[in-house]
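These notes concern the structure reproduced below.
What follows draws every value from the coordinates through simple rules; no lab data is involved. Everything numeric here is computed off the predicted structure, so don't read it as measured data. Heads up, the Cβs are rebuilt from the backbone with ideal geometry, glycines too, and the neighbour counts pull from every protein chain shown.
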Amino acid sequence: MLTPADLPALQKLSRQTFTETFADSNTEEDMQQYLSESFSTAKLGTELGNEGSVFYGAESGNEMIGYLKVNFGDAQTELKDSEGMEIERIYVIRHFLGKKVGPMLYDKAVEMAMSKGLRYVWLGVWEENARAMSFYKKNGFVEFDRHIFKLGSDEQTDIMMKRIL
């Protein structure tokens, strides 16, 4: 589990993985705005200190190569249902994609939800992120809604997906 002491590594990893995943599909201005706002020291520090959010890191050697962020109760970005848990982020360095890091983090999320006796897990995934959509569908998630995700000045559509446990 990550703690406030992990903030510098988490910030570096967040910016790197988000850029690797989304830079080719967005303008540089929108990317810079999003990275500076969403992964600022203050914002990530607040997220790490939120009792309703949990971060887990994945390491290779002494390097953090990926992480998971889940939210419970009022820390969830939307549903805020006490019977569900949000998987807000599973980010993995590009070099480690396809090496079971993402599935390991996903399994940790499901394990946490089940250990708390929750009824379901949910998440939002960008409609153009085919790799993530395929992974979640393969793992039993179904679409239940859509919402707008603002990346800089660009309003994008996220597919909201849920898996009953």
task = Please name all residue pairs, on different chains or six or more residues apart, with Cβ atoms under 9 Å, provided the first residue is in the range 62-75 and is in contact (Cβ under 8 Å) with a residue 60 or more places away in the chain and the second residue is β-branched (Val, Ile, Thr) and in a strand (DSSP E or B).
result = Tyr67/Ile90; Tyr67/Val92
query = Out of the residues in the range 134-148 that are buried (at least 16 other Cβ atoms within 10 Å of the Cβ) and more than 13 Å from the chain's Cα centre (by Cα), which is nearest to Glu111 (Cα to Cα)?
reply = Phe141
inquiry  = If I filter the range 24-32 for residues that are touching a residue at least 12 places away in the same chain (Cβ under 8 Å), surrounded by 12 or more Cβ atoms within 10 Å (Cβ to Cβ) and of a type in the set (Ser, Thr, Tyr), do I get at least one hit?
reply    = yes
ask   = Checking Gln16 against (1) within 16 Å of Glu88 (Cβ to Cβ); (2) within 15 Å of the chain's Cα centre (by Cα), which single condition isn't satisfied?
value = (1)
ask   = Can you tell me which residues in the range 33-47 are within 16 Å of Lys69 (Cα to Cα) and touching a residue at least 40 places away in the same chain (Cβ under 8 Å)?
value = Gly45
